[in-house]
Structure formats: C-alpha cells, structure tokens
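Colleague: Below: one structure in structure tokens.
The values are calculated or read from the model by the stated rules, or taken from the named source; none is laboratory data. This one's a predicted model, so the numbers in the text were calculated from it and none came from an experiment. Neighbour counts are summed over all protein chains in view; Cβ atoms, including those assigned to glycine, are modelled from backbone coordinates with ideal geometry. Side chains are part of the model used for accessible areas, which takes the heavy atoms of the whole protein and leaves out ligands, DNA and RNA. Shrake-Rupley method; radii C 1.70, N 1.55, O 1.52, S 1.80 Å.
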Amino acid sequence: MNGIDLHIHSTYSDGTNSPAKLVELAHREGLSAIALTDHDTTAGIDEAMSHGHTLGLEVIPGVEVSAGHNDHALHILGYNFNPEDNLLQQRLRVLQDARHQRNLSIFAKLRELGFAIDINEIPPTPGQVGRPHIARLLIAKKIVKTMDQAFARLLRRGTAAYVQCYRMEAAAAITMIKDAGGLAFLAHPAANDRKLQAAPQLLADLKGMGLAGLELHYPAHTPKTFKTLLHLGQDLELMFSGGSDFHGDGKPHIKLGGPPKEPPIPYELLAAIKDKS
Ligand code: AMP
Ligand code: ZN
Ligand code: FE
Ligand code: FE
C-alpha cells in the first residue's frame, strides 16, 4: 500500500503512455489505486481497468472535463461514474466535436501564416488530438524547435494561431458526471488563481451546483496552498482528492503518485469517493 494517484493522462488525450502502460507503471511504483482522467474522453478506461484487473491494481473510472464558470476556465474531474452511460457519452461527444473543430481552425490559421501544414500529418492516435500533438508536428516540420517554443510563438492564448476551445458550463459538467453516477471535483484549484483569491466564492458557487470536492494533493501546491485549500474545503464541507496530473514525456518533471519527497496520497480519499458514489 503506497498511495494513490487520481489524476493521470494517457494517449487517449495528451499523455504519452497507453492506459495499459500507465497501469504497469503505477503497479511498479507500488501504488494501490489509480484513476485515468483523460481530457473530455473516457475511451481509455476499459483498457486501464482490464489491465488493472490482470495486475491486481485497482482502477476507477475518471475524466477531466474542460469547463467554464463566469470568467474562470476550469477543469472538473469526474470519478467513479458509469463510463457506459449513454447520456454521458453523448455529452462528451459535444466536447470532442468542438475540440476537432478548434483543431481545424488552428490549422487554418497556421496556413494563413504561411506554413504548409495539414491536420492529417499528425500521426494516428487512438484518442483525441490536442495542442501538444500540434506542437510535436510543428517540431517535426522544423517550424519550431521545442514544445515551449510552439506554445510561446503559436499556440498559447494571445499568439497568432490560438483558437479558444468551447467549454461546457461548470454546472452542466457537474450534472453530467452526477447523472452518470459519479462525483465531481475541482481540479488544480490554484492553477489560474495562485493566491486562491477567487477560490472561496468559486468553490461555494460550484458546491451549489453539486460539486463534491476539490483536488487537494497536487504537485504544484505549496504547503501554504495546501493548507488554504484544506481549510476552504473543510469550511464548505467538501471532499478531497489528489493526483499527479502525469502526462508521461509530455511533462517529464511530473512523477506518477506525486512528488517523491512528499507523503503518498492516502487511500482514504478514494475510500470516501467510493462510499459516496
Ligand atoms: P488543448 O487541450 O488541446 O487545448 O491542449 C492543452 C494542453 O497543452 C495541456 O495539457 C497542457 O499541458 C499543454 N501545454 C500547454 N502549454 C504547454 C507547453 N508550453 N509545453 C507543453 N505542453 C503545454
Ligand atoms: Zn492534459
Ligand atoms: Fe487540468
Ligand atoms: Fe490533467
């Protein structure tokens, strides 16, 4: 028993490892349970769960939904829902189609900028194409040298080929997860709010929409951020989750299970999630 990791990306979104490989890595790390939380898709869950079954590693269904509330761009994590749920799949397809249209618009802008580049040049992937795939193609075509350059020059908000992606209303994202039998958590609450100035009001709003909890254990959280979130969550009677946001080689400094210097993420968090869903 060596902790859990409830925030992991595979090749079905923008991670660089297959779900089976991730389960193997987690097993090797001695983790006791994981959730695969690909962006806006549940397509890798079957593979992860069946491989988990083979290796004796607990895998619970997860997803990370791109959402918005007022001016906030948010990621909502869903846990322990029924991945086969028809309505859930219908609703996720809206996000997947929007992402595809957004990608086409990015390529149109890149061509307007004079680059001879086409979306079909991206190597086949089992899942969804995102900006990291486009960045890797820009490197392969020697248009830029690094991932950072691709984002800084062309793909980031405010740059020439940036296109905003459709986001689901936070209330709809939370409802979607609950309707499929799961629990919704706010991912990395400090990501766009370093000092957590907006967090108290935001979390209260989201709780009113049915949010179950917040992601407390996260590699970027300082001890101060952790403490503030712990108190905020306790005040609002929210549950807690935790994960690494592992993307494989996409974010090579991130380790499965969280930073090795820190204590493992306790299994009790998952036990509470299973209890309530
Ligand atoms: P998308 O969901 O297609 O809009 O792409 C967002 C993804 O791009 C996120 O998973 C980020 O981790 C990744 N990303 C953003 N900036 C960078 C960067 N500078 N280098 C590598 N990946 C990045
Ligand atoms: Zn990602
Ligand atoms: Fe995220
Ligand atoms: Fe993530």
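Colleague: Which of (1) under 25 Å from Gln90 (Cβ atoms); (2) at pLDDT 95 or above; (3) within 19 Å of the chain's Cα centre (by Cα) does Arg156 not meet, given it meets every other one?
Modeller: Here Arg156 clears every test but (1).
Colleague: In the range 43-69, what count of residues is obtained for those that are in contact (Cβ under 8 Å) with a residue 24 or more places away in the chain and more than 16 Å from ligand 1 (Cβ to nearest atom)?
Modeller: Selection size over the range 43-69: 14.
Colleague: Follow-up. Which one of these does Gln89 not meet: (1) away from ligand 1 (no atom under 13 Å from the Cβ); (2) touching a helix residue (DSSP H, G or I) at 6+ places or on another chain (Cβ under 8 Å); (3) within 19 Å of Arg167 (Cβ to Cβ)?
Modeller: (2)
Yes/no matrix, rows are residues, columns are (1) within 30 Å of Leu202 (Cβ to Cβ); (2) touching a His at 6+ places or on another chain (Cβ under 6 Å); (3) free of Cβ contacts under 8 Å to residues at least 60 places away in the same chain:
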position	(1), (2), (3)
Asn80	yes, no, no
Asn86	no, no, yes
Gln89	yes, no, yes
Val94	yes, no, no
Pro126	no, no, no
His133	no, no, no
Lys141	no, no, yes
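Colleague: Then there is this: For the range 115-130, state whether one or more residues are within 16 Å of ligand 3 (Cβ to nearest atom) and open to solvent by less than 20 Å² (accessible area, probe 1.4 Å).
Modeller: Checking the range 115-130: at least one residue is within 16 Å of ligand 3 (Cβ to nearest atom) and open to solvent by less than 20 Å² (accessible area, probe 1.4 Å).
Colleague: Can you report the number of residues in the range 69-91 which are closer than 30 Å to Arg194 by Cβ and not in a loop (DSSP other than H, G, I, E, B)?
Modeller: Qualifying residue count, the range 69-91: 9.
Colleague: Output the residues belonging to the range 214-241 that are of a type in the set (S, T, N, Q) and either at pLDDT below 95 or surrounded by fewer than 21 Cβ atoms within 10 Å (Cβ to Cβ) (or both).
Modeller: Once the filter is applied, which keeps residues that are of a type in the set (S, T, N, Q) and either at pLDDT below 95 or surrounded by fewer than 21 Cβ atoms within 10 Å (Cβ to Cβ) (or both), the range 214-241 yields Thr222, Thr225, Thr228, Gln234.
Colleague: Still on this model: Name the helices (runs of 4 or more DSSP H) wholly inside the range 166-263 in which the number of residues that are polar (S, T, N, Q) is 3 or more.
Modeller: Correct list: 223-235.
Colleague: State yes or no: is Gly62 within 16 Å of ligand 3 (Cβ to nearest atom), in the same structural domain as Pro252 (by TED's automatic domain parsing), assigned to a strand (DSSP E or B) and not aromatic (Phe, Trp, Tyr)?
Modeller: So Gly62 fits the description; yes.
Colleague: Looking at the range 115-135, which of its residues are out of contact with any helix residue (DSSP H, G or I) (no Cβ under 7 Å at 6 or more places or on another chain) and outside any loop (DSSP other than H, G, I, E, B)?
Modeller: Across the range 115-135, the qualifying residues are Asn120, His133.
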